[in-house]
Amino acid sequence: MMIKKLTLAALSLSLLCSSSYVEAGAAWYVGQVKRVALLSSDGSFIVTFKNEALDNCKYKYGYFMGSELGEKRLNNAYAMALTSIASGMDMGIVIDKAKNGDGGLCHAYGMTADLRAK
């Protein structure tokens, strides 16, 4: 009887952990920046990648919004995007694609962005 209770408890914990992981959809999406375009006067911008990492985002854009990131983080992310284009380095963006569903707007958040040498 005790073994059955322990097995049931372990199974419940396993399901709880796996469902929490599925709901936490934030992940890194990495590629060489192909395009950077300014969206508004607050410095908000989009990027596209040369690979398929952003293909299921609306218009294949990664969005960097000033209202969500703040001026300093937005400026730093913009500098990284330009560096990716100029140097050919990959840029990583933290996006939660599950938040908006397939084809939704892919907004950068959290750590936001990084550069990665090949």
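Please determine, by comparing only the residues of segment 70-117 that are of a type in the set (Ser, Thr, Tyr) and touching a residue at least 40 places away in the same chain (Cβ under 8 Å), which one is farthest from residue 54 (Cα to Cα).
78
Does segment 51-59 include one or more residues that are touching a Leu at 6+ places or on another chain (Cβ under 8 Å), under 18 Å from residue 100 (Cα atoms) and touching a residue at least 12 places away in the same chain (Cβ under 8 Å)?
Yes; the residues of segment 51-59 include at least one that is touching a Leu at 6+ places or on another chain (Cβ under 8 Å), under 18 Å from residue 100 (Cα atoms) and touching a residue at least 12 places away in the same chain (Cβ under 8 Å).
A short reminder: the numbers here are calculations on the coordinates, not readings from a lab. From a predicted model like this one, the values you see are computed outputs, not experimental measurements. Cβ atoms come from the backbone with ideal geometry, glycine included; neighbour counts cover every protein chain shown.
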